[in-house]
Amino acid sequence: MTAATGTVSQLVDPPAVDESLLIRRAREGDARAFEGLYRRLVSRVYGLCLRLTADPSVAEEMTQETFVRVWQKLHLFRGDRPFAPWLLTVATNVVLSDRRKRRRTVDREDPIEDAPPPAVRPTSVAAGAGVDLERAIRTLPDGARTVFVLHDVEGFRHEDIAGALGVSVGTTKSQLHRARRMLREVLDA
Amino acid sequence: MTERGGNDGRDRADVPGSGGSLDGTEATGAEPPVRPCADAVDRLEALVDGTLEEREATAVRRHLASCAGCRREEARHVDLSARVAALPRGIEPARDLWPAIEARLDAGATATHEARGARAPRGTFAWFAAAAAVMLTAAIVWSISDRDTRFGAPTSPLAVSEDPAAGAMLATYREAEDAFLATKRAVLAEIEARRADLDPETLRIVLDNLEVMERASLEIREALERDPSNPSLRRMLVASYRRQSDLLRSFEPPTFGESTATGASSRGTTP
């Protein structure tokens, strides 16, 4: 496979090319068609990963992993449904799976001496500053941020979020309420 | 939900509502802001979300007309919703990630080829599901067959009997079972090749349960060899294969969010 570096060539992603055609070609092994899908949807995937992880380098890693997995599982995609939600489903599971692995790694280590450094994240907000919502979302704890991003930003249902997280719907609703309250406090400051 | 009457300034912070102007600014700089009614907070959020039943929504709106504290709280919910709706749908990464992705796709294809001598067929899981469906159909017909008395105690149910029709049915079942087992082996080989990409916890659970089911189906088959005319054993064997098929399908992508993930509808089109 050879990449089209720099600008995307017309052959890779002409505006007129229907997304379903790119999907069909990618399923047949056409890497250039898959690159076309990547170009169209990377911002959605990266945006979701960044908002879930609050860490740009981890988000890049998760975005790459998502597209690699989608390439491997494309034959399982049911072509009668919209592609973006399925893609974001894979991305969400990639992030959650990675988070579980990182937690298992931390649990096996001595929590005091070997704990990894905390993710770089703004820990305080200047009172009176015009804090934008993106930065405010990054200040949320993992659980609250995950539910808020999946529900309010991406539009997933509580039932689906609860299933993915392995918790009850009551828990996700509680987390959402907590996230909104914390965001309002930050934004009102 | 009840309205509470106004009170003197000292208690105002503790008295929700109190009526007054739409934005609650009737409180002067010396007075603390009015707060929403404690029993209304959750319902205000649900009202803004649009998840309240109409009757309750009407009652909340009626209350809002006379409660400044709750109006202010509602306004905060609305403001947050508006900000979320205004978020860009996507965020561009700082650099082009495609070269790294492409390199991994190439590496993955090479490793797969080297590991197994041939590229894995696309749609392996769909292939397995189709083979399983054929096997199960044949097995179900076999299990509910009324030709049990033809088989005779010493004859293996997998052998061709003297009855051509029964023999043909059994041969069909045997072929289907062989195809199912061969496909299962291929699927397991596929899983092994992709082990690094699979969630280890899910993998462990699936393989542990599969081992239990395989032991069970082996025992059932051995029992069938001794008692080939036993319809219950046949049904048990069919059920065991069906459970294995369902279990291996665990590695298909989840249906989480497929039909509902549309994003905030007010945020416009994809950039």
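General observations
- Residue pairs whose Cβ atoms lie under 7 Å apart, separated by 6 or more positions or on different chains, with the first residue in region A:133-149 and within 9 Å of A:Arg51 (Cα to Cα) and the second outside any helix (DSSP H, G or I), are A:Arg138/A:Ala54; A:Arg138/A:Arg121; A:Arg138/A:Pro122; A:Arg145/A:Ala54.
- Residues satisfying the stated conditions in region A:134-159, i.e. part of a loop (DSSP other than H, G, I, E, B) and buried (at least 20 other Cβ atoms within 10 Å of the Cβ): A:Leu140, A:Glu154, A:Phe156
- If only residues of region A:160-171 that are within 13 Å of chain B (Cβ to nearest Cβ) and closer than 21 Å to B:Thr202 by Cβ are counted, the one that is surrounded by the most Cβ atoms within 10 Å (Cβ to Cβ) is A:Ile161.
- Of all residues in region B:61-89, those that are under 15 Å from B:Arg43 (Cβ atoms) and away from chain A (no Cβ under 14 Å) have Cβ atoms under 7 Å from Cβ atoms of residues that are assigned to a helix (DSSP H, G or I) and of a type in the set (Lys, Arg), 6 or more apart or on another chain, in B:Leu64/B:Arg71.
- Restricting attention to region B:24-56, the residues that are hydroxyl-bearing (Ser, Thr, Tyr) and modelled with pLDDT of 80 or more add up to 1.
- Within region A:143-157, restricting attention to residues that are modelled with pLDDT of 95 or more and within 17 Å of B:Ala46 (Cβ to Cβ), the residue that is farthest from the other protein chains (Cβ to nearest Cβ) is A:Val147.
- Residue count for region A:76-85, restricted to those that are within 7 Å of another protein chain (Cβ to nearest Cβ), crowded, with 17+ Cβ neighbours inside 10 Å and more than 17 Å from A:Ser43 (Cβ to Cβ): 1.
Table: residues versus (1) within 7 Å of chain B (Cβ to nearest Cβ); (2) under 11 Å from the mean Cα position of the chain (by Cα).
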{"residue": "A:Gly36", "(1), (2)": "no, no"}
{"residue": "A:Ser43", "(1), (2)": "yes, yes"}
{"residue": "A:Ala59", "(1), (2)": "no, yes"}
{"residue": "A:Thr63", "(1), (2)": "yes, yes"}
{"residue": "A:Lys73", "(1), (2)": "yes, no"}
{"residue": "A:Leu87", "(1), (2)": "no, yes"}
{"residue": "A:Arg99", "(1), (2)": "no, no"}
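The values are calculated or read from the model by the stated rules, or taken from the named source; none is laboratory data. Since this is a predicted model, take the numbers as computed values, not measurements. Quick reminder, even Gly has a Cβ in these numbers, built from the backbone with ideal geometry, and neighbours come from all protein chains shown.
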